[in-house]
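Taken together, the values in this text are just the output of simple stated rules run on the coordinates, not laboratory data. These figures come from a predicted structure and were not determined experimentally. Glycine gets a Cβ as well: all are built from the backbone with ideal geometry, and neighbour counts include every protein chain shown.
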Amino acid sequence: MRVLNYLYLIFFFPCIALCQFFTNEGEGNCKVDASYMKPIIKRFNPFFIEHNYDDDTKNETAKLSEGKIIIIDQRACIRHHIAIQYIISPDELKVNSSNYKILIKECFSLLNKLFFQDFDYLKFKTEFETIFYKKIEENGIGRAFSFPIDDRTFIAQLDFGDWGSKLHLEIVKYLYTQNINLPGVPEYTDDGYFQPIKLSQPKSK
């Protein structure tokens, strides 16, 4: 338990800082009200123990076991951000440079449990796993990478060491007009709004 508490202190506070870095958006120009956000782990999800959710901070913690901790932080303003930290004790899973692929499988297994009975997740599950695996092969462990799928952008990083292993995954969801709770915000203020490059016109001689 002492090791787990130590891991919690090491990774929980950096997680909050990282989430705030990714979600640094204007307070007065929001498309959504945070009050609509609900726990990611459903009430009757059978896979997690010691599940807690703080409705004020939108912070969520749970365990798959004593050595597998999940920390989820949500933010909403111009877009909806879900930041997931999955921390695994070395007593539960020993990862090294030759067997790191077991950590990828562990992360996929976590997401299947996390989004249990969430049919929205099933829409992008297969494509997500394919791209995630490819990105890990390209970037390696310990380096962050990102990729889009439809209306979501994923930012991820895997790490391991003597302290254990972890996944950081942020899911950033674009908000369509019909889902905006606070109307009147121009579309171009969304950080996912596509703005094509304007090519300069050649001057006529």
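A few comments on the model shown:
- Projected label points at Ser109 and Asp91, each 7 Å from Cα along the beta carbon direction, are separated by 1.8 nanometres.
- 13 Å beta-carbon shell around Gln85, net charge (K/R +1, D/E -1): -1
- On the basis of the beta-carbon distance and an R0 of 30 Å, Thr130 and Ser35 show a calculated FRET efficiency of 0.25.
- Take each peptide in 45-52, 150-157, 161-168, count the other Cβ atoms within 10 Å of every residue, and average; sorted highest first, the result is 161-168, 150-157, 45-52.
- In plain terms, the chain from Ser65 to Arg43 could stretch by 6.2 nm, reckoned as 0.36 nm per residue minus the Cα-Cα distance.
- Difference of contour (0.36 nm per residue) and Cα-Cα distance, Glu137 to Asp55: 25.8 nm
- Peptides 93-100, 105-112 ranked from most to least packed, by the mean per-residue count of other Cβ atoms within 10 Å: 105-112, 93-100.
- Using C-alpha pairs below 8 Å separated by at least 6 residues, the relative contact order for the range 50-143 is 14 percent.
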